[in-house]
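Participant: Can you read through this structure? Questions will come right after.
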Amino acid sequence: MSVNGKTVLVTGASRGLGRAVAEAFLRAGARVLALGRDPDAMAATRAALDGIGGAFEMVPMDVRDEEKVTACIADLDRLDVLVNNAGIAAVRPFIETPTQELRDILDVNVIAAFVVMREAVKKMLATGGGHVINIASDAAIRGIGRMAPYVASKHALLGIGRSVSLELRQHGIRVTTFCPGPITTDIMGTGTANPDALPPDELAKMIVHLAGLPPEIDTQELLIQPAPRWR
Ligand SMILES: NC(=O)c1ccc[n+]([C@@H]2O[C@H](COP(=O)([O-])OP(=O)(O)OC[C@H]3O[C@@H](n4cnc5c(N)ncnc54)[C@H](OP(=O)(O)O)[C@@H]3O)[C@@H](O)[C@H]2O)c1
């Protein structure tokens with residue numbers, strides 16, 4: 001199977017892993033609808049990806065805006081793959097973490113991801129099935145000091161994915177929870193990318209490969225870590 005001609009929705013595609021995923025699907029011949037928020041980052045991504053050719057559209061969207069998200073997905077003629085990627089993170093000692101920071105992280109990483117996924121699954125059920133790839137983190141299966149809200153959000157996303165997968169696999173919906181370790185992006189702020197972390201382009205190719213697997217292969221959870229350097 002291939003993703004050529006498939007309709008793919010990528011959230012948080014203005015930069016980082018989401019942008020790499022949108023690009024990789026576009027290069028593989030998919031029709032890509034990319035959602036983003038920051039106007040400058042979106043303009044840069046649009047300029048870069050428009051040059052590839054193919055069916056690419058970038059739409060401004062805060063994934064916390066349930067009404068807008070619902071309308072956007074309802075408007076699609078079909079949806080084959082959702083890459084539920086938009087996410088935020090924060091690092092802070094536990095006893096200094098304001099309750100609001102926990103709420104903010106859960107709002108994007110869990111509640112918005114839940115809503116996008118639910119609306120996407122409705123569309124997929126109406127058009128013959130599909131594949132949801134939730135971008136969690138290795139933080140979905142372990143703790144990280146000074147990141148309790150983020151870790152809580154990724155554990156929750158894994159739990160949602162496991163549950164929805166059980167409920168909907170007999171209806172042609174596959175759910176993959178993708179759990180990478182650190183990635184070379186600016187999620188912690190501009191200029192913070194760790195060069196020894198996982199390269200977004202390689203992860204994006206893995207995600208395209210997963211989405212192109214035949215329907216009888218159900219990849220439920222994938223843990224990916226940077227290998228230790230060999231030299
Ligand atoms: N970087 C890592 O080390 C790492 C490791 C494991 C998992 N992950 C996960 O990978 C995913 C992508 O992270 P990344 O490293 O690529 O981070 P990034 O470079 O900071 O990109 C995050 C993306 O999410 C979007 N986003 C955040 N809040 C949003 C909102 N409310 N509405 C719409 N879009 C929103 C951002 O859009 P704007 O910039 O346009 O606002 C941006 O496009 C996240 O789910 C993250 O948790 C990251």
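Participant: Under a 5 Å amide H to amide H cut-off, with H placed in plane at 1.01 Å, what residues pair with Val132 once short-range neighbours are removed?
Facilitator: Answer set, sorted by chain and number: Leu82, Arg174, Val175, Thr176.
Participant: With the Cα gyration tensor of the chain giving a ≥ b ≥ c as the square roots of its eigenvalues, does the rule (a/c under 1.5 for rounded; else a/b larger than b/c for prolate; else oblate) give rounded, prolate or oblate?
Facilitator: Cα axes put the chain in the rounded bin.
Participant: While we're looking at this one, here's another question. When the helices in the chain are scored as -39500 (n - 2.57) per DSSP H run of 4 or longer and the sum is shared across all residues, what 222 nm value do you end up with, to the nearest 500 deg cm²/dmol?
Facilitator: -12000 deg cm²/dmol
Participant: Determine the gain in length on full extension of the stretch His209-Arg103; use 0.36 nm per residue of separation and subtract their C-alpha separation, reporting nm with one decimal.
Facilitator: Going from the current span to full extension adds 34.8 nm.
Participant: For a quick check, take a GNM of the chain with Cα springs below 10 Å and name the residue from Met58, Met42, Met188 with the largest mean-square fluctuation.
Facilitator: Met188
Participant: Ok, one more. Tell me which DSSP H helices of the chain clear both cut-offs, 27 Å or more of axial length from alpha-carbon atoms and a mean Kyte-Doolittle hydropathy of at least -0.5.
Facilitator: For the chain, where a helix must reach 27 Å along its axis and average at least -0.5, the hits are 148-168.
Participant: Right, here's the next one. What list of ³J(HN,Hα) couplings, whole Hz, do you get for region 186-196 from phi and the Karplus terms 6.51, -1.76, 1.60, once you set θ to phi - 60° and write x for glycine and proline?
Facilitator: 9, 4, 8, x, 4, x, 9, 4, 8, x, 8
Participant: Most mobile of Ile183, Ile141, Ile207 per a Gaussian network model of the chain (Cα springs, under 10 Å)?
Facilitator: Maximum among the listed residues: Ile141.
Participant: Considering only protein heavy atoms and a 1.4 Å probe, what is the carbon-and-sulfur percentage of the accessible area of the chain?
Facilitator: Carbon and sulfur atoms account for 55 percent of the accessible area of the chain.
Participant: Under 5 Å between amide hydrogens, which residues at least 5 positions from Glu221 or on another chain qualify, with H placed 1.01 Å from N in the peptide plane?
Facilitator: Thr177
Participant: Here's something else I'd like to know. Using the heavy atoms of the protein chains alone and a 1.4 angstrom probe, what is the accessible area of region 7-218 per residue in square angstrom?
Facilitator: Here the per-residue accessible area is 45 Å².
The values are calculated or read from the model by the stated rules, or taken from the named source; none is laboratory data. All of these numbers come straight from a predicted model, not from anything done at the bench. Heads up: the accessible areas ignore ligands, DNA and RNA and are worked out on the full protein's heavy atoms, side chains in. Shrake-Rupley method; radii C 1.70, N 1.55, O 1.52, S 1.80 Å.
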